[in-house]
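*Asks:* Pasting a structure here, questions to come.
Since every read-out is calculated from the coordinates, none of them should be taken as a lab result. Here the structure is a predicted model, which is why all the values come from computation and not from measurement. Cβ coordinates were reconstructed from backbone atoms using ideal geometry, including for glycine residues, and neighbour counts include every protein chain displayed.
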Amino acid sequence: ALLDTLFRQLNDTGGLPDKAGRIPLILWELKLFFEFHEWVEHLWAESTGEEKKALQALVLAAVACEHLTYNRIRPACSLAGKALSLLYDHGTSLPGWADPDLFIKFLNRLKKDPAGTHLFIQTKRSSS
């Protein structure tokens, strides 16, 4: 069912610039954090400089969420803090599909109240 949803959403134009940008956002929306991490890690491996640091933040955010799904609060909060630090310093270097402010807002909520955090970021795609 999740893959059906993924493919259906990929076929929807949804206002995002391209399928390469839609895939990680859809993975996140479906709470497929491991898959999001894998997808972004490929982008990270091919990037350099500021963009590489910014993408590392997204990988860490996904790993934090994966920990949270298993109720591993301490590592989730620790990784969220590391991701936040990288986003504050390098977030403006993220690709156009990733809004650093949305990830920062989400990670701050996760650190403040991990038990109450809904593992969802309101993306441009999902807000319509």
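*Asks:* Can you give the local net charge around SER47? Use residues other than it whose beta-carbon is closer than 14 angstrom to its beta-carbon, Lys and Arg +1, Asp and Glu -1.
*Replies:* Net charge in that neighbourhood comes out at -2.
*Asks:* How much length would be gained if the chain were fully extended between ASN71 and ALA45, taking 0.36 nm per residue of separation minus their Cα-Cα distance, in nm to one decimal?
*Replies:* Fully extending the segment from ASN71 to ALA45 adds 6.5 nm.
*Asks:* Please identify the trypsin sites (Lys or Arg not before Pro) of region 18-66 that satisfy two criteria: DSSP loop assignment and at most 16 other Cβ atoms within 10 Å. Which are they?
*Replies:* Answer by residue number: LYS31.
*Asks:* Can you compute 3J(HN,Hα) from phi for each residue in region 82-92, using the Karplus curve 6.51 cos²θ - 1.76 cosθ + 1.60 with θ = phi - 60°, rounded to whole Hz and x for Gly and Pro?
*Replies:* Rounded to whole hertz, the list is 5, 5, 4, 4, 5, 5, 4, 7, 10, x, 5.
*Asks:* Compute the FRET efficiency between LYS112 and THR92 as 1/(1 + (r/R0)^6), taking r as their Cβ-Cβ distance and R0 = 35 Å, and round to the nearest 0.05. Show your work: numbers first, answer last.
*Replies:* Working: r = 23 Å, r/R0 = 0.67.
The computed FRET efficiency comes out at 0.90.
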